[in-house]
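> This structure is in structure tokens; I'll ask about it shortly.
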Amino acid sequence: MFRNLSANRKTEDGAASHQLSLVIGPTEVADVMTGRVVTLSPHHSFNDVAHLMSDRYFRHCVVVDTHGKVVGVISDRDILRSLARNPNSRTKSLDQIMTPNPITVMRNTPILDALAKIVSKRINCLPVVEEDGSVCGIVTSTDLLKSYRKLLELVQKQGR
């Protein structure tokens, strides 16, 4: 996932002055995304997603139609917001509480672009889709932070 590229810099007279070292980390969403995505249909119930998130310890679920195309995202915050607004939320289906038509990215989307979308839209996940719109992964703020941490650890090691 990470590469280390080194090169010697030369002075004008051709002598090596010092080593330039560059850590190259992940560059595309595919390098950091979670590929095994649990999906639900818009017709699943509030209780289905609440139990699933509780049992599997994740915070986002992608909602897909019968063709596997992304139609929404449901987060733990969506669940909490729904409960706060309406105590009868437990009787609703996902299409009533999900975030519809979420922003998506593709596998080859540069990480910087995905990060910019997450920050500018103040969201915490992006479904990753194939050319045909079918879901193939999810990239979360946690995935990006883990990648950044690994990069910083490598940079620190090089500095020693």
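> For residue 52, what charge total do you get from the other residues with a beta carbon under 15 Å from its beta carbon, if Lys and Arg give +1 and Asp and Glu give -1? Please report the intermediate quantities before stating the final value.
Details: positive: 36, 56, 59, 90; negative: 48, 55, 76, 78.
Here the charged neighbours net out to 0.
> Now for a separate question. What part of the accessible area of region 99-160, given as a whole %, is carbon or sulfur when the probe is 1.4 angstrom? Present the calculation step by step, with values, prior to reporting the outcome.
On the way: 2230 of 4010 Å².
Whole-percent figure for carbon plus sulfur exposure: 56.
> Using amide H atoms built in the peptide plane, which far-off residues or other-chain residues are under 5 Å from residue 28 H to H?
111
> Return, ordered by residue number, the residues of region 43-74 whose backbone nitrogen is under 19 Å from a label point located 7 Å along Cα→Cβ of residue 96.
The answer is 43-52, 63-64, 72-74, whose backbone nitrogens lie closer than 19 Å to the label point.
> Less than 10 Å Cβ to Cβ from residue 31, Lys/Arg counted +1 and Asp/Glu -1: what total charge do the surrounding residues give? Write out the running numbers ahead of the final one.
Working: positive: 107; negative: 28, 143.
My count for the surroundings of residue 31 gives -1.
> Something else now. Quick one: with all protein chains in place, what share of the accessible area of region 38-98 is carbon or sulfur, to the nearest percent (1.4 Å probe)?
Working: 1730 of 3590 Å².
So the carbon and sulfur contribution to the accessible surface is 48 percent.
> Using the scaling law 2.2 N^0.38 Å as the reference, what is the normalised Cα Rg of region 99-154?
Dividing the Cα radius of gyration by 2.2 N^0.38 Å gives 1.16.
> How large is the accessible surface per residue of region 64-160, computed with a 1.4 Å probe and reported in Å² as a whole number? Intermediate results must be reported in sequence, preceding the final value.
Values: 6150 Å² over 97 residues.
Accessible area per residue, region 64-160: 63 Å².
The values are calculated or read from the model by the stated rules, or taken from the named source; none is laboratory data. Keep in mind that this is a model prediction, so the values were computed, not measured. Glycine also receives a Cβ, built like all others from the backbone with ideal geometry; neighbour counts cover every protein chain displayed. In case anyone asks, the SASA skips ligands and DNA or RNA and just uses the protein heavy atoms, side chains included. Shrake-Rupley method; radii C 1.70, N 1.55, O 1.52, S 1.80 Å.
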